[in-house]
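Worksheet: one structure, shown below.
The values are calculated or read from the model by the stated rules, or taken from the named source; none is laboratory data. From a predicted model like this one, the values you see are computed outputs, not experimental measurements. Note that we place each Cβ from the backbone using ideal geometry, even for glycine, and neighbour counts take in every protein chain shown. Ligands, DNA and RNA are excluded from the accessible area calculation, which covers all protein heavy atoms including side chains. Shrake-Rupley method; radii C 1.70, N 1.55, O 1.52, S 1.80 Å.
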Amino acid sequence: MGWVESLQKAIDYMEEFILEDITIEGIAKQANTSEFHFQRTFTILTDVSVGEYLRRRRLSLAAQELSDTDHKIIDLAFKYGYDTPEAFSKAFRRQHGITPSEARKNIGKLNCYNRLVIQVNLKGAEPMRYKIVERDSFKVAGIKKEFSLKNEENLKGIPKMWDEVNGDGTVDKIARLNNGEIKGILGVCVDKRLTHSEQSIDYWVAAEYKGEAPDSFLTLEIPASKWGVFEVHGPMPDAMQKAWKQIFSEWFPSNQYEPAGTPELEVYSDEDPSSADLYSEIWIPLK
């Protein structure tokens, strides 16, 4: 359960310094993990990004202060991280459905979010099918794009990348490269802080490939590892999202393994992504 406690420590850090200009790097250090892996785990377990959680909490605290004090709206705007009262009012209305002035007058209802406490489900009501495999290093071939972790640009950019490669036929070309053990198209996140100082990741759409680098494609070596290979059944993207949440909220807390922090793989077939019988996999390196 150590990784759950580390996650809660990071959340407590966010709360303690919520009025300061905290960064994802500083938050992730509290959990003793990289920015990318903290961001990913947090979003899987809470269904909300780190940035959105901070925004919701700040606006919740601002609403409480509006109701309980006579502090000026302009002062509260600056206190909770907004450059202008107009920006504050716009964000406040988006969350609460009313303006700061209306909140002060107790007109309408507020939509406040409480401090987050991580609770892990250990019941395991739904069975999980998985296997543990060990593999030497292997290569994948495909395309990659770099995404910044700042302002959570990766969360917006990766779905767009999939739309592009599906729309222009790149996925079909990558599928024809597949001559390795893992059958299917791979989504691979590579945390660049493992080898560089950048706050960014490389995201790959690729396939396992044996041989020299093919024309117009790049290759990436996946390190040797012990892998947890989890079955995913059902239409995309809901089935994949549900599987990730079950792995982190049920499987890891009840097993001796921890994520190794090296690239994880999502494996997609070429079947209809909306099919109820669609089969996919999640590969997580373990330590």
Neighbours by Cβ (under 6 Å, 6+ apart or cross-chain): first from segment 112-136, at pLDDT 90 or above and loosely packed, with under 15 Cβ neighbours inside 10 Å; second among the aliphatic types (A, V, I, L, M) and outside any strand (DSSP E or B): ASP136/ALA224
When restricted to GLY26, GLY51, the only residue under 23 Å from the mean Cα position of the chain (by Cα) and free of Cβ contacts under 8 Å to residues at least 60 places away in the same chain is GLY26
Give just the number: which of (1) without any contact (Cβ under 8 Å) to a residue 12 or more places away in the chain; (2) farther than 29 Å from THR43 by Cα; (3) loosely packed, with under 15 Cβ neighbours inside 10 Å does LYS90 not satisfy? (2)
Is it the case that GLU271 is surrounded by fewer than 21 Cβ atoms within 10 Å (Cβ to Cβ), without any contact (Cβ under 8 Å) to a residue 12 or more places away in the chain and either within 16 Å of the chain's Cα centre (by Cα) or farther than 18 Å from PHE138 by Cα (or both)? yes
Would you be able to say whether some residue in segment 254-262 is farther than 23 Å from ASN166 by Cα, in contact (Cβ under 8 Å) with a residue 24 or more places away in the chain, touching a His at 6+ places or on another chain (Cβ under 8 Å) and crowded, with 19+ Cβ neighbours inside 10 Å? yes
Tell me yes or no: at least one residue of segment 73-80 is free of Cβ contacts under 8 Å to residues at least 24 places away in the same chain and either surrounded by 15 or more Cβ atoms within 10 Å (Cβ to Cβ) or touching an Asp or Glu at 6+ places or on another chain (Cβ under 6 Å) (or both). yes
Tally up the residues in segment 274-287 that are buried (at least 20 other Cβ atoms within 10 Å of the Cβ) and of a type in the set (Phe, Trp, Tyr), please. 1
ARG56 vs. criteria closer than 27 Å to LEU149 by Cβ, assigned to a helix (DSSP H, G or I) and of a type outside the set (A, V, I, L, M, F, W, C): yes
Go over the candidates GLU65, GLU25, GLU15 one by one and state the one that is over 19 Å from TYR113 (Cβ atoms) and out of contact with any Pro (no Cβ under 8 Å at 6 or more places or on another chain). GLU25
Go through ILE98, ILE118 for me and flag whichever is aliphatic (A, V, I, L, M), in a loop (DSSP other than H, G, I, E, B) and within 25 Å of GLN199 (Cβ to Cβ). ILE118
All but one of (1) in contact with an Asp or Glu (Cβ under 7 Å, 6 or more places away or on another chain); (2) buried (at least 20 other Cβ atoms within 10 Å of the Cβ) hold for ALA207; state the number of the condition that does not hold. (1)
Mind counting the residues in segment 9-19 that are within 16 Å of GLU258 (Cβ to Cβ) and out of contact with any helix residue (DSSP H, G or I) (no Cβ under 8 Å at 6 or more places or on another chain)? 0
Residues located in segment 1-48, provided they are open to solvent by less than 20 Å² (accessible area, probe 1.4 Å) and assigned to a loop (DSSP other than H, G, I, E, B): ILE18, ALA31, VAL48
Out of segment 41-81, which residues are β-branched (Val, Ile, Thr) and over 23 Å from ALA31 (Cβ atoms)? THR69, ILE73, ILE74
